[in-house]
Amino acid sequence: SSSSSSSSKLTKPISTRGAFSTSSQLAAPAASNAKRVLGEVRNNWTKEEIREMYSRPLLELVFDAATVHRMHHDPKQVQQCTLLSIKTGGCPETCNYCAQSSSWKKETELKAEKLMQIDDVYEAAKRAKAAGSTRFCMGTAWRGPSQVGEGQFERVLTMTKQVKDLGMEVCATLGMLTPDQAVKLREAGLTAYNHNLDTSPEYYPKVTSSRKYEDRLNTIAAVRDAGISVCCGGILGLGEEESDRASLMHVLASLPEHPESVPINALVPVKGTPFENLSAPSGLEMVRAIAVARILMPRTVVRLSAGRINMSDETQAMCFLAGANSVFTGDKLLTTPNNDDNEDSALFKELGLEGRPAFVPYGAGGKSSDGSEWEKNGKKQEQNVA
């Protein structure tokens, strides 16, 4: 797990600066003159430190983020993940950016679908693996498993077991969980659970009215207590200020354990949703957010997620330089379009990137992704599963 005590084991910084120099100052509060060591794993970042970090010159920020990235990760490795919506539409939640809410189904013209069958999900996972993905993520438009019948949750547990048996990491995003439900997912072999905070606690009421920020944090705690790795990030472009982005990062970096994964999403405005007229963040805004996340959470996998389809190759390259080491492949991310597989392959080749294998130990996260699954499941990733 991530903690400040583990900093003694860190690789010696590539940068000759060691601690933050004048050009790389992370402006600690005036009351403290202590210099912060670049690449140190901490859970006690202050809001002031993070606000100062967010305001730094971008190239200086990216340089430091790239340095931290190389301390804790192989910079050539970028994990390819596939996200499948296994239950689309009809969601009772009111997330103003999401097309799947039943509150504006007439405006979005998105029809609710039933939960997919086990065999169909299994076949989709096999295709994803054949295309190079090593993590398979399943999403449902639920408030949570408690909202639906026991049989549907049991079906998802079976899906989890079958995908894991392919030798793939398995992630799920099913809405709010009880502690008992989290334990059942862990027993089924779930690697990680995605539950994004979306934005800052202060701005969250403007994003949805159907749940509270504390609800999200409670589910994250249940997931962590069950031994499942936490995948938790946010969305840029919801109408928030930069201070809200810094506040979100503060919440993430202050969790008892840094998340195994932090997805950084760019809003993809969807016609018919309340946020349809908002503008997506610029590419450089995404680069800045990724760089901040990398410095704050050195061992975490930073996942460049929704909105990548609107980025140039050059912007994506800067994101990888700044510390992004995962992308989502496949033609869709839930209900929004995604990058073409051939384009991704060409970009990886041009940048000298390679995929990350399944079950390689994660520096952050829970027991489900600490590498102990390798002997049992990792070798299956190297086999041709029929």
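The values are calculated or read from the model by the stated rules, or taken from the named source; none is laboratory data. Small disclaimer: the values here were computed from a predicted structure and weren't measured. As a convention, Cβ positions derive from the backbone with ideal geometry for all residues, glycine included, and neighbour counts pool all protein chains shown. In case anyone asks, the SASA skips ligands and DNA or RNA and just uses the protein heavy atoms, side chains included. Shrake-Rupley method; radii C 1.70, N 1.55, O 1.52, S 1.80 Å.
Do we have any residue at all in region 303-313 that's more than 25 Å from Glu354 (Cβ to Cβ), out of contact with any strand residue (DSSP E or B) (no Cβ under 6 Å at 6 or more places or on another chain) and either crowded, with 24+ Cβ neighbours inside 10 Å or small (Gly, Ala, Ser) (or both)?
No, region 303-313 contains no residue that is more than 25 Å from Glu354 (Cβ to Cβ), out of contact with any strand residue (DSSP E or B) (no Cβ under 6 Å at 6 or more places or on another chain) and either crowded, with 24+ Cβ neighbours inside 10 Å or small (Gly, Ala, Ser) (or both).
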Scan region 91-118 for residues that are small (Gly, Ala, Ser) and either open to solvent by 40 Å² or more (accessible area, probe 1.4 Å) or in contact with a Leu (Cβ under 6 Å, 6 or more places away or on another chain) (or both) and jot them down. Ala99, Ser102, Ser103, Ala112
Restricting the search to region 47-64, which residues are in a loop (DSSP other than H, G, I, E, B) and surrounded by fewer than 16 Cβ atoms within 10 Å (Cβ to Cβ)? Ser55, Pro57
Say we look at region 70-85 and pick out the residues that are surrounded by 22 or more Cβ atoms within 10 Å (Cβ to Cβ) and in contact with a Leu (Cβ under 8 Å, 6 or more places away or on another chain); which of these is modelled with the lowest pLDDT? Leu83
Taking region 363-372 and keeping only residues that are surrounded by fewer than 21 Cβ atoms within 10 Å (Cβ to Cβ) and either part of a loop (DSSP other than H, G, I, E, B) or of a type in the set (Phe, Trp, Tyr) (or both), one is left with Gly363, Asp370, Gly371, Ser372
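For every residue, the table says whether it meets (1) aliphatic (A, V, I, L, M); (2) buried (at least 19 other Cβ atoms within 10 Å of the Cβ).
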site	(1), (2)
Thr160	no, yes
Leu166	yes, yes
Ser209	no, no
Ala221	yes, no
Val230	yes, yes
Leu236	yes, yes
Ala246	yes, yes
Would you check if there is a residue in region 92-114 being touching a helix residue (DSSP H, G or I) at 6+ places or on another chain (Cβ under 7 Å) and at pLDDT 85 or above? no
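From Pro201, Pro263, Pro259, grab the single residue that is over 20 Å from Gly144 (Cβ atoms), touching a Leu at 6+ places or on another chain (Cβ under 9 Å) and buried (at least 17 other Cβ atoms within 10 Å of the Cβ). Show your work before the answer.
Values: Pro263 fails: over 20 Å from Gly144 (Cβ atoms); Pro259 fails: over 20 Å from Gly144 (Cβ atoms).
On inspection, the qualifying residue turns out to be Pro201.
Among the residues of region 308-349, what is the count of those that are in a loop (DSSP other than H, G, I, E, B) and modelled with pLDDT of 85 or more? Don't jump to the end; show me each part of the working.
Within region 308-349, the first condition is being in a loop (DSSP other than H, G, I, E, B), and the residues that meet it are 311-312, 323, 330-331, 334-335, 338-340.
So of that shortlist, the ones also modelled with pLDDT of 85 or more come out as 311-312, 323.
Final tally of qualifying residues: 3.
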Is one or more of the residues making up region 132-140 open to solvent by 10 Å² or more (accessible area, probe 1.4 Å), farther than 25 Å from Pro361 by Cβ and at pLDDT 90 or above? yes
Restricting attention to region 119-130, does a residue exist that is more than 22 Å from Met176 (Cα to Cα), open to solvent by 60 Å² or more (accessible area, probe 1.4 Å) and aliphatic (A, V, I, L, M)? yes
Quick test of your reading of the structure: Ala128 fulfils all but one of (1) closer than 30 Å to Lys271 by Cβ; (2) at pLDDT 95 or above; (3) not hydroxyl-bearing (Ser, Thr, Tyr). Name the failing condition by number. (2)
Which residue out of Gly234, Gly227, Gly283, Gly239 is at positive phi and free of Cβ contacts under 8 Å to residues at least 60 places away in the same chain? Gly239
Given (1) closer than 30 Å to Gln147 by Cβ; (2) touching a residue at least 60 places away in the same chain (Cβ under 8 Å); (3) surrounded by fewer than 20 Cβ atoms within 10 Å (Cβ to Cβ), index of the condition Thr88 fails: (3)
